[in-house]
Amino acid sequence: MPRYAEMSPAQLEAAWEAGAAAIVPWGALEWHGDHLPLGLDGIVAESFAERLADQMEGVLLPGIWLPITTLPHPASLQIRTETFRAVLDDTLLGLAGAGVRSIAVVTGHYAQGHLIELYEAALRAMDDCPGLRVFAATPLQPLNDPSLLDHAARYETSQLLAIRPDLVHVEDLPDETEVRRDAVLGEHPRLGSAAEGHALLQKGLEAWATWIQTATRDSLEQFYKAEFDALQAYVDAYYTGSWDEALEAWWATKDRRSPAT
């Protein structure tokens, strides 16, 4: 598939004229427990975006590993919300200025504040650039099953087992009877499998391809509104002007016992 960084201006212009979508993977360096790497979000996003660009004959951009609201841990890295907004706006508007009419931002990181800011940036870009369509979601989000969006649990582990099994170490998880030291939110990672990961990622690719091919401005607005509505309870409970503080307050409410096997 064509890669933005390797193309000449003439090649890029020809791709946009042919209707190619710009595919932007968005990653993070975030704590995912003892059993998964800090770069899981970016590794999954880049792998998925590469496959999507290949399937859609899109143009693949280099990954952007600049999240907000990573889980509290010394090894988690993040940027300020205002910086995140600026990077998003500049990236989307820059691509629109380069001639692209369809942008897919595939985020491997999906903390609540991060997603809300991403959706708002997508809507701002479409408001500023009539005719532009911006698709922003996780690899599995178009499957419309929120249970798949776990953290360091069964489904994230399955996806990484399908992509980089050498980076998965479920044997390093603490014993179920101990106070939990990992970052698992969801079913036990040991329930994951490479086969499940391959199947989920393939379904996600098919859903993304259909979405990009058929979505209109109105349907995208409806998608983002539904996502905002789903996150409203989190906003009402925890957001007081800072996404970082909201994440910390929310995380403090999580049950830190071991996940069920």
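The values are calculated or read from the model by the stated rules, or taken from the named source; none is laboratory data. Just so you know, these numbers come straight off a predicted model, no measurement behind them. Here Cβ is always computed from backbone atoms with ideal geometry, including for glycine, and neighbour counts include all displayed protein chains. Protein only, heavy atoms only, side chains kept; ligands, DNA and RNA dropped before computing areas. Shrake-Rupley method; radii C 1.70, N 1.55, O 1.52, S 1.80 Å.
Do we have residue 61 as under 23 Å from residue 183 (Cα atoms), touching a Phe, Trp or Tyr at 6+ places or on another chain (Cβ under 7 Å) and open to solvent by 10 Å² or more (accessible area, probe 1.4 Å) here? Walk me through how you get there before you give the answer.
Working: under 23 Å from residue 183 (Cα atoms): no; touching a Phe, Trp or Tyr at 6+ places or on another chain (Cβ under 7 Å): yes; open to solvent by 10 Å² or more (accessible area, probe 1.4 Å): yes.
So residue 61 does not fit the description; no.
Scan segment 142-174 for residues that are among the polar types (S, T, N, Q), more than 15 Å from residue 202 (Cβ to Cβ) and part of a helix (DSSP H, G or I) and jot them down.
We begin by selecting, within segment 142-174, every residue among the polar types (S, T, N, Q); these are 144, 147, 157-159.
Add one more test, that the residue is more than 15 Å from residue 202 (Cβ to Cβ), and what stays is 144, 147, 157.
Listed by number, the residues that qualify are 147, 157.
Confirm whether residue 54 is within 16 Å of residue 139 (Cα to Cα) and over 18 Å from the mean Cα position of the chain (by Cα).
Values: within 16 Å of residue 139 (Cα to Cα): yes; over 18 Å from the mean Cα position of the chain (by Cα): yes.
Yes: the conditions hold for residue 54.
Looking only at segment 54-86, which residues are assigned to a loop (DSSP other than H, G, I, E, B) and within 25 Å of residue 235 (Cβ to Cβ)? Walk me through it before giving the result.
At the first step, the residues of segment 54-86 found to be assigned to a loop (DSSP other than H, G, I, E, B) are 57-58, 61-63, 65-76, 78-80.
Correct list: 66, 67, 68, 69, 70, 71, 72, 73, 76, 78, 79, 80.
Each row is one residue, and each column tells you yes or no for (1) at pLDDT below 95; (2) of a type outside the set (Ser, Thr, Tyr); (3) surrounded by fewer than 16 Cβ atoms within 10 Å (Cβ to Cβ).
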site: 1; (1), (2), (3): yes, yes, no
site: 4; (1), (2), (3): no, no, no
site: 15; (1), (2), (3): no, yes, no
site: 25; (1), (2), (3): no, yes, no
site: 29; (1), (2), (3): no, yes, no
site: 33; (1), (2), (3): yes, yes, no
site: 38; (1), (2), (3): no, yes, no
site: 44; (1), (2), (3): no, yes, no
site: 51; (1), (2), (3): no, yes, no
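So residue 172 fits all but one of (1) closer than 22 Å to residue 235 by Cβ; (2) open to solvent by 40 Å² or more (accessible area, probe 1.4 Å); what number is the exception?
Unmet for residue 172, out of (1) closer than 22 Å to residue 235 by Cβ; (2) open to solvent by 40 Å² or more (accessible area, probe 1.4 Å): (1).
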